[in-house]
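What follows is a single structure, written as structure tokens, with notes after it.
The values are calculated or read from the model by the stated rules, or taken from the named source; none is laboratory data. Predicted model, so just to flag it, every value in this text is computed and none were measured. All Cβ positions, even for glycine, are placed from backbone atoms using ideal geometry, and neighbour counts span all protein chains on display.
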Amino acid sequence: MPGSYCYLQKRIVPLEEAKVGVMTHAFLYGTAVFEGVRGNWSEEQGATLIFRPREHFERLKRSAHIMHISLPQSADELSDICAQVVERCGYREDVYIRPIAYKSGEVIGPRLDGVDSDFMLFAIPFGNYLDLDAGIRCQTSTWRRVSDTAIPARAKVNGLYVNSALAKTEAIENGYDEAIMLNDDGHVSEGSGENLVIVRHGKLITPARSDNVLEGITLESVFTLAKDELGLEVIERSVARSELYIADECFLTGTAAHLSAVTEVDRRAVGSGAIGPITKKLQGLFFDVLKGRNPKYADWLRAVKPAAEPAGARANA
Ligand code: PMP
């Protein structure tokens, strides 16, 4: 039977058995860094296609470096652990993989030096996070995006996601699907868990990476497709709030969100108010790559076959 597993303290155990102590530094202070990685099930290949694991584990290592979290394994070694867990889970459906490098020491006090670190990873079944077909409605959040001078936004620090939690919750409670956060200076930063792109005059524009955004792997992938497959120009620069209202198209990118069209911001339709033509084309290109249907980008995927079920388990199923 497929089931969720977790790599913890150098062993793969059933997820429900994976526990850490209440005094764990990461629990006391949010001192952990994480990734979200997708494994997309391909019926044709009979395999889970893990999307860009090397890039995710390289970013995890950069986040850990910023946070003084020791993570001696190479990105390839971490990718191997990830593949082993996915294989063991045996799911024949899309999965979400959560690696975390964390301060595992059980000590009081927020200092980072001299506190032990460890690495864990689990995988669970996971469907769509945002509506991919209808387009989503967004609200400019009253919560500002945390500044690099407070908590480094380009590191995926667990504690930093309190900022996302406040913004996302406010947006949902106000009847929207997602929040768009501004920086302290009022420029657009990103969604609560997604990078933001606007389309103006056929060009793709995303906030500059100095505007407190996470350097997104989905964004980089979508921009590669836009340039190489559609010949579009992509630009990184500061974006003003009112540009969202007059953009021809707007979309969010992220591991959980994939590529989701934003059709309304602050009760103003974006463009025609429906999914725009460039967004639609990019969605098609991106999903073909994710599902392993575009051989040109096969090196973005790591295929993992589910572990064979014991004969008895199958007979009893
Ligand atoms: N910004 C934030 C705040 C995020 O949490 C995420 C999700 N990891 C992203 C952007 C998108 O990054 P990626 O495409 O690498 O998942």
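Quick notes on this structure:
- One residue from Ser210, Ser189 being exposed (fewer than 15 other Cβ atoms within 10 Å of the Cβ), under 22 Å from Arg144 (Cβ atoms) and within 15 Å of the ligand (Cβ to nearest atom): Ser210
- Whenever a residue of the range 86-109 is closer than 18 Å to Ala18 by Cβ and touching a residue at least 24 places away in the same chain (Cβ under 8 Å), its partners that are assigned to a strand (DSSP E or B) and of a type in the set (Lys, Arg), lying with C-beta atoms within less than 8 angstrom and at least six residues away or across chains, give the pairs Val95/Arg38; Tyr96/Arg38; Ile97/Arg38.
- Here Val239 fulfils each of the conditions (1) in contact with a strand residue (DSSP E or B) (Cβ under 7 Å, 6 or more places away or on another chain); (2) within 14 Å of the ligand (Cβ to nearest atom); (3) closer than 21 Å to Ala153 by Cβ; (4) not acidic (Asp, Glu) apart from (2).
- Unique residue being within 24 Å of Asn163 (Cα to Cα), of a type in the set (D, E, K, R) and touching a Lys or Arg at 6+ places or on another chain (Cβ under 6 Å) when the list is Glu264, Glu233, Glu220: Glu264
- At least 2 residues being closer than 26 Å to Asp288 by Cβ is the threshold, and among the strands (runs of 3 or more DSSP E) wholly inside the range 1-107 those reaching it are 37-42, 47-51, 95-103.
- Answer residue from the range 254-273, given it is β-branched (Val, Ile, Thr) and within 16 Å of the ligand (Cβ to nearest atom) and is nearest to Leu182 (Cα to Cα) among those: Val262
- Between Gly231, Gly175, Gly114, Gly159, the distinction of being away from the ligand (no atom under 11 Å from the Cβ), in the same structural domain as Ile81 (by TED's automatic domain parsing) and surrounded by fewer than 22 Cβ atoms within 10 Å (Cβ to Cβ) belongs to Gly114 only.
- Annotation note: of Leu219, Leu166, Leu225, the sole residue that is within 15 Å of the ligand (Cβ to nearest atom), surrounded by 15 or more Cβ atoms within 10 Å (Cβ to Cβ) and under 17 Å from the mean Cα position of the chain (by Cα) is Leu219.
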